[in-house]
1. How big is the Rg/Rh ratio for the range B:1-80, C-alpha atoms only, Rh by Kirkwood, two decimals?
2. How much net charge surrounds residue A:101 when only the other residues with a Cβ under 12 Å from the Cβ of residue A:101 are counted, with Lys and Arg +1 and Asp and Glu -1?
3. Applying the Karplus parametrisation 6.51 cos²θ - 1.76 cosθ + 1.60 with θ = phi - 60° to the phi angles of the range A:44-54, what ³J(HN,Hα) value in whole Hz is obtained for each residue in order, glycine and proline being reported as x?
4. For the range A:29-38, what does the Karplus curve 6.51 cos²θ - 1.76 cosθ + 1.60, with θ = phi - 60°, yield as ³J(HN,Hα) per residue in whole Hz, taken in order and with x for Gly and Pro?
5. Measuring from a point 7 Å out along Cα→Cβ, what nm distances, shortest first, does residue A:142 have to its partners in the other copies?
6. Express the C-alpha Rg of the protein assembly as shown as a ratio against the empirical globular expectation 2.2 N^0.38 Å, rounded to two decimals.
7. Distance between Cα centroids, the range A:127-144 to the range A:39-71: provide it in whole Å.
8. Could you work out the helix-only [θ] at 222 nm for chain A, with each DSSP H run of four or more residues adding -39,500 (n - 2.57) and the total divided by the number of residues, to the nearest 500 deg cm²/dmol?
Protein chains: 2
Amino acid sequence: MHHTERTRLRREPQRGSHDLALIHAIVDEAPICHLGLTDVDGHPLVVPTIHARLGDILYVHGSAASRALRRLAGGIEACCTITHLDGLVVARSGFWSSMNYRSVMIFGRARLVDDPDEAMRALDAIVDHVLPGRSSEIRRPTAKEIAATKVIALPIDEASAKVRTGDPKDDPGDLGTDVWAGTVPFRVVSDPPVPAANLAPHVPVPASVRAASRR
Amino acid sequence: MHHTERTRLRREPQRGSHDLALIHAIVDEAPICHLGLTDVDGHPLVVPTIHARLGDILYVHGSAASRALRRLAGGIEACCTITHLDGLVVARSGFWSSMNYRSVMIFGRARLVDDPDEAMRALDAIVDHVLPGRSSEIRRPTAKEIAATKVIALPIDEASAKVRTGDPKDDPGDLGTDVWAGTVPFRVVSDPPVPAANLAPHVPVPASVRAASRR
């Protein structure tokens, strides 16, 4: 990890961290990230996309025809932001109202993965990221599918995490009032898997789908 | 609404829409957005933040000292992306595996809200966005709090929505196999409100907090 002006924690530094284990945990738990880049005109573009982490590299993938993927393949700067919204922080005033969250920002230069082995490992990791073990339950990608897909790598090097937990901070002058304060926890849960309309009834729900359920 | 090269739906156009009612519904349901901008060095920066919509304007706010807010206040281009992840799409191959989602991308030039009345309406809307009616349960912001806060407006004009629902599309050649396919629905739920440690026990949970609960 290296620290730069971009990863210096300026606002609310007590919420910030450069702890790599924390950064990895936040990245791994999130099904998707929001990937920021600049378009050909220099204007910002933020794309929601699935990701996976292998060691200190974040991978994303997409259609070889995608505008954003083609830009990233050119090796431009990116900012990948991952956010878990853990709840509402209800203060006695609007000013101190907030959210509990865990977020990560990763800055760096994107790289097109042109090594076929690395690309295959990344594609398997992306499949397994939300469905643990799924890549071994399905057939291998075909040459045509691989040709239609671009894999982009972003080093998790210039990165920081920010975490807020717990009660609202309140203005001392508001503490005596009868205004409610506290938190409302949020969670992502999954409902039971829904078989595809064209699935034969005898095919059981696989381990990967059971492992993907969130309660 | 006006349509530009940026809002033209290129990838998977059948998932795309410029329907304003759909765009508004996706914006309103999301507690937070991911706001993309370029930093002073031209590099992308993606900031997760709470927002609110009033008519055709999206408002965000933050500390007057925040780097991103100061950049946006200068009237630079922004891209606000909002994503609801509705579930996993489990195909019989990695290539056709996907996510069900509803997303919006709003492009445009940010504007610092310098009219005090508009800023106050926006701040109330941001409070009420996740806690309906909360602004009328709490005291008004103080002059000092207002001075410490910047409100930024982004017109919802150059915008598009993208929605994916339903079963995986699968390669016809994979349909005969005994590989499971279907969807795993995801939902955000809230747990019961947790009173602050310093809240007097007789203070009841207010209507705003009850209205914010998600099941």
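1. Over the Cα atoms of the range B:1-80, Rg/Rh equals 0.99.
2. +2
3. For the range A:44-54, the Karplus curve yields x, 9, 10, 10, x, 7, 6, 9, 8, 10, 10 Hz.
4. Ordered by residue, 3J(HN,Hα) equals 6, 7, x, 9, 10, 10, 9, x, 8, 9 Hz.
5. Ordered by distance, the counterparts are at 6.8 nm.
6. Taking the Cα Rg and dividing by 2.2 N^0.38 Å, one obtains 0.99.
7. 20 Å
8. Mean residue ellipticity, 222 nm, calculated: -5500 deg cm²/dmol.
Taken together, the values in this text are just the output of simple stated rules run on the coordinates, not laboratory data. These numbers come from a predicted model, not from an experiment. Cβ sites come from the backbone with ideal geometry, for glycine too, and all protein chains shown count toward neighbours.
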